[in-house]
Amino acid sequence: MRHLARLADYCSITNMHTKNLAIVWAPNLLRSKQIESACFSGTAAFMEVRIQSVVVEFILNHVDVLFSSKLSSVIRDGAGAWL
């Protein structure tokens, strides 16, 4: 994810900003067996991929916070408090 976020830094050159990267990579990063099955219609599959791309775009826009060591330690310490 950090690599894709770094690619987005060069969007002025490549025109691959976070939204475009999310559209391209979401189906691979958040693969859904339901979409691949024959039971999904074209519209339903499109909506599923759209949701996936929104999630990936959010992650790319917040990669520094979501994958920071500080957040990991807060989550780890917080999880221990609930046990």
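Go through segment 45-67 and give me each residue that's within 9 Å of the chain's Cα centre (by Cα), aliphatic (A, V, I, L, M) and over 12 Å from residue 5 (Cα atoms).
54, 55
I need every pair where a residue in segment 24-36 that is closer than 10 Å to residue 48 by Cβ has its Cβ under 6 Å from the Cβ of a residue that is open to solvent by 90 Å² or more (accessible area, probe 1.4 Å) and modelled with pLDDT under 75, sequence separation at least 6 or different chains.
So the pair list comes out empty.
So which residues in segment 26-36 are open to solvent by 50 Å² or more (accessible area, probe 1.4 Å) and under 16 Å from residue 62 (Cα atoms), if there are any at all?
Within segment 26-36, no residue meets the criteria.
Would you check if residue 13 is assigned to a helix (DSSP H, G or I), loosely packed, with under 11 Cβ neighbours inside 10 Å and modelled with pLDDT of 95 or more?
yes
The values are calculated or read from the model by the stated rules, or taken from the named source; none is laboratory data. This is a predicted model, so every value here is computed, not measured. Reconstructed Cβ throughout: ideal geometry from the backbone, glycine too, with neighbour counts over all protein chains shown. Side chains included, ligands, DNA and RNA excluded: accessible areas come from the protein's heavy atoms. Shrake-Rupley method; radii C 1.70, N 1.55, O 1.52, S 1.80 Å.
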